[in-house]
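*Asks:* The structure's right below; bear with me while I get my questions together.
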2 protein chains.
Amino acid sequence: MTTGRRAQKMEETRAKLIRTARAAFAEKGYAAASMDELTARAGLTRGALYHHFGDKTGLLRAVIDQIDAEMVAKARAARDRAESPWLGFVAEGVAYIELALEPEIQRIVLLDGPAVLGDPSRWPGQNACLRETTETVQALIEAGIVRPVDAEAAARLINGAALDAALWVAAAAEPRAVLAKAIEAFRCLASGLLAAPPPQPPPGDHVTAIEN
Amino acid sequence: MTTGRRAQKMEETRAKLIRTARAAFAEKGYAAASMDELTARAGLTRGALYHHFGDKTGLLRAVIDQIDAEMVAKARAARDRAESPWLGFVAEGVAYIELALEPEIQRIVLLDGPAVLGDPSRWPGQNACLRETTETVQALIEAGIVRPVDAEAAARLINGAALDAALWVAAAAEPRAVLAKAIEAFRCLASGLLAAPPPQPPPGDHVTAIEN
DNA sequence: TGATTTGACATACGGCACGTATGTCGCAAT
DNA sequence: ATTGCGACATACGTGCCGTATGTCAAATCA
């Protein structure tokens, strides 16, 4: 079963459209991205677009699905590299902050996505990032590491804080320095979820682990 | 100096446009709101609009400024009603969550605003909500109540978490129940900023203070 | 193998909405 | 009283989205 020459070429044009849309949405923004120009740049016409994705929002959905999957993979990798479940959770949050520094993710997933498609937790099939964090939190609660709050609520808050922080960092004049501040503040906030509070470092003892 | 009949009528049309836009943006969304229909509903034409606000985004800016001011006033009132500086800070955050339940604020300030105008911290003259929170955090740090993190970073994270939580609550099937979970999780997170951790309630001891 | 059908994609069309350029009318200052 | 300015209306061009229709190659089948 060789997938058929027909279906293969079709997948190719789908991928080409998504790839082109990803670039166009990222640099122009969703609203300002023209479907005529977008499809022409992909060597196609609007006919192909409406055939495969229904309308403009369908294409945005497809693009976001793809990016979302990539984000989950990277965040999970960061979590699994950590030395304890709790540090893995924190690393996951920090990974989201750093991921959201990419203009592509900022513009498409954080700004235009919610505005066009509505609340991310309602995106059908996806919002994989949120589910990933929710499961992590749930496991930490069951292990007695995190206080018994609602896992989904904690995940939403953590994700919201991380992504909003990234928005702030990216718009800052000195992204590197601001990123360090954001990560430090994020660690503080996250520690509020711990069942047994960590030892408090004395004032002025700044955390300097910025690199991955 | 009686402000002149001229200027008075002009202020009146400005206000009428902003009021109508606020309603239209809230129910249709920014992109789907037609300026023709919007101005007609206000008893005017697009000429008035472009004379006063330059373009469509200018009108959005004016609307957001107005809402932002109202939000700050309410959050500050909630803070000042509290019995201690720390509880005031928490009350401010909870107030943001509850404020963001209004569809008007959701749609205009949280969804369309960032998508059209970019990062809120760059909105000229405003983002009064963020500044308010930043100053509150700074005062708490100087009083030794909050750990010495970057005040602006903490404010961004707290605000992002609160507003994102509200987005989640509003989209939920059971807003009342979900709101309680969100507020409880928010209190946990916020406690991570404390210099001296609060006493940990035993598991199952749920906070029930939902009403203002 | 040749006819037929299916479906991926292109082309053509209508309509809406934004921004600008131009016109008009009333208030205010001299 | 005249003149100038500013608030707002009207008219126009342009771009873009969604749909309806057409076309041609590939898969199916007799």
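*Asks:* Scan the range A:75-94 for residues that are closer than 23 Å to A:Arg176 by Cβ and touching a residue at least 24 places away in the same chain (Cβ under 8 Å) and report the count.
*Replies:* Adding up the residues that qualify gives 6.
*Asks:* Taking the range B:30-55, which residues are within 13 Å of DNA strand D (Cβ to nearest atom) and within 14 Å of chain A (Cβ to nearest Cβ)? Outline the logic, then answer.
*Replies:* Here is the first cut: in the range B:30-55, the residues within 13 Å of DNA strand D (Cβ to nearest atom) are B:31-32, B:34-36, B:38-55.
Across the range B:30-55, the qualifying residues are B:Ala31, B:Ala32, B:Asp55.
*Asks:* Does A:Met1 fit the bill of being at pLDDT below 95 and in a helix (DSSP H, G or I)?
*Replies:* No; evaluated as a whole, the condition is false for this residue.
*Asks:* Follow-up. Residues of the range A:57-74 being touching a residue at least 24 places away in the same chain (Cβ under 8 Å) and either out of contact with any Leu (no Cβ under 9 Å at 6 or more places or on another chain) or not in a helix (DSSP H, G or I) (or both), which ones?
*Replies:* Across the range A:57-74, the qualifying residues are A:Val63, A:Asp65, A:Gln66, A:Ile67, A:Asp68, A:Ala69, A:Val72.
*Asks:* Here's something else I'd like to know. Could you look through the range B:120-174, keep only residues that are charged (D, E, K, R) and facing another protein chain (nearest Cβ under 9 Å), and pick out the one that is surrounded by the most Cβ atoms within 10 Å (Cβ to Cβ)?
*Replies:* In this case the residue turns out to be B:Arg156.
*Asks:* Could you check, for the range B:62-79, whether at least one of its residues is near DNA strand C (Cβ under 9 Å from one of its atoms), of a type in the set (S, T, N, Q) and in contact with a helix residue (DSSP H, G or I) (Cβ under 8 Å, 6 or more places away or on another chain)?
*Replies:* no
*Asks:* Okay, next question. I'd like the full set of residues that are within 12 Å of DNA strand C (Cβ to nearest atom) and not in a helix (DSSP H, G or I), limited to the range A:4-29.
*Replies:* Across the range A:4-29, the qualifying residue is only A:Gly4.
*Asks:* Now for a different question. Given the criteria more than 22 Å from A:Arg156 (Cα to Cα), modelled with pLDDT of 95 or more and either in a helix (DSSP H, G or I) or of a type in the set (Lys, Arg) (or both), does A:Ala95 qualify?
*Replies:* Judged against the criteria, A:Ala95 is not a match.
*Asks:* Further, regarding this structure: Filter the range A:158-183 for residues that are closer than 24 Å to A:Trp86 by Cβ and of a type in the set (D, E, K, R) and give the result. Walk me through how you get there before you give the answer.
*Replies:* Of all residues in the range A:158-183, those closer than 24 Å to A:Trp86 by Cβ come to A:158-166, A:169, A:179-183.
The answer is A:Asp164, A:Lys181.
*Asks:* With respect to A:Ser34, determine if the residue is over 20 Å from B:Ala31 (Cα atoms) and hydroxyl-bearing (Ser, Thr, Tyr).
*Replies:* No: the conditions fail for A:Ser34.
*Asks:* Separate question: Within the range A:112-193, which helices (runs of 4 or more DSSP H) (wholly inside it) include 2 or more residues that are assigned by TED's automatic domain parsing to the domain that holds A:Ile97 and under 22 Å from B:Ile105 (Cβ atoms)?
*Replies:* A:113-117, A:151-171
*Asks:* Does B:Ala32 satisfy being assigned to a helix (DSSP H, G or I) and surrounded by fewer than 20 Cβ atoms within 10 Å (Cβ to Cβ)?
*Replies:* Answer is no for this residue.
*Asks:* Regarding B:Ala166, is this residue in contact (Cβ under 8 Å) with a residue 40 or more places away in the chain and of a type in the set (Gly, Ala, Ser)?
*Replies:* Against the criterion (in contact (Cβ under 8 Å) with a residue 40 or more places away in the chain and of a type in the set (Gly, Ala, Ser)), B:Ala166 qualifies.
The values are calculated or read from the model by the stated rules, or taken from the named source; none is laboratory data. Note that this is a predicted model, so its numbers are computed, not measured. Cβ atoms come from the backbone with ideal geometry, glycine included; neighbour counts cover every protein chain shown.
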